[in-house]
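The values are calculated or read from the model by the stated rules, or taken from the named source; none is laboratory data. The model shown is predicted, which means the values in this text are computed figures rather than measured ones. FYI the Cβ positions are ideal-geometry reconstructions off the backbone, even for glycines, and counts take in every protein chain you see.
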Amino acid sequence: MTIRVMLVDDQVLLRTGFRMVLAAQPDMEVVAEAGDGVEALQALRETEVDVVLMDVRMPKLDGVEATRRICADTDPPKVLILTTFDLDEYAFSGLKAGASGFMLKDVPPGELLAAIRAVHSGDAVVAPSTTRRLLDRFAPMLPGTGKQPQHQELERLTGREREVMVLVAQGLSNGEIAARLVLSEATVKTHVGRILTKLGLRDRVQVVVLAYETGLVRAGGHG
């Protein structure tokens, strides 16, 4: 199956570079491009897209609001937020808006391609160290993050599920969590599924966001 990708960035040269990388892949095709969020929404009305590479800072409509509108639709494409790390203080909000992960604009091609394939398959890009650094950097900037009482919904979790949630929020994969807690990977997957169901969350990215917002995990990655 060919993964249909849309590039959304106001820098034409950057879009050209990404397009060249993706065009060399037998399982990917760039089917649309946009220079801002308004153009992106229009393009999505006319073109079927599987994954959107979304810049944060753009004219007319920024990437966070564009992501929010895209993800509010029925059966939306997956969104990967592109950030320059040092400048995009609002990148964390992109995850809250429904994005499936962060990528740095200078990401090595192999990591970019792996991330596109991961989100297309229904996974979420949480584990890379770049994402953890971004979360550590931006989470304290959210009003109340790490200071407010833990949300009441966390009381629905068992002690083991809270342990697993903390490790998910720290960016560990199911295999790494299994090794840390001396469990089978299948058991960890079951725990993650129950966490998503009990808390009404879509994927691991939303687990990370909630863990930071409730103070279950603090900036620095420690529970």
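Of note:
Each row is one residue, and each column tells you yes or no for (1) assigned to a helix (DSSP H, G or I); (2) under 20 Å from the mean Cα position of the chain (by Cα); (3) modelled with pLDDT of 85 or more.
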position	(1), (2), (3)
118	yes, yes, no
139	yes, yes, no
153	yes, no, no
165	yes, yes, yes
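- Qualifying residue in region 5-23 (condition: in a helix (DSSP H, G or I) and closer than 13 Å to residue 66 by Cα): no
- In region 66-105, the residues that are of a type in the set (Val, Ile, Thr) and modelled with pLDDT of 90 or more: 67, 70, 79
- Among the residues making up region 167-180, those that are modelled with pLDDT under 85, of a type in the set (Gly, Ala, Ser) and buried (at least 18 other Cβ atoms within 10 Å of the Cβ) are 169, 171.
- Residue 20 being farther than 19 Å from residue 122 by Cβ and either acidic (Asp, Glu) or out of contact with any Gly (no Cβ under 8 Å at 6 or more places or on another chain) (or both): yes
- Verdict on residue 9 being more than 13 Å from the chain's Cα centre (by Cα) and surrounded by fewer than 21 Cβ atoms within 10 Å (Cβ to Cβ): no
- The lone criterion from (1) free of Cβ contacts under 8 Å to residues at least 40 places away in the same chain; (2) part of a strand (DSSP E or B); (3) surrounded by 24 or more Cβ atoms within 10 Å (Cβ to Cβ) left unmet by residue 40 is number (2).
- A search for C-beta distances below 9 Å between a residue of region 144-166 that is farther than 15 Å from residue 199 by Cβ and any residue that is of a type in the set (S, T, N, Q) and modelled with pLDDT of 70 or more, counting only pairs 6+ apart in sequence or on different chains, returns 145/214; 146/214; 148/214; 149/214.
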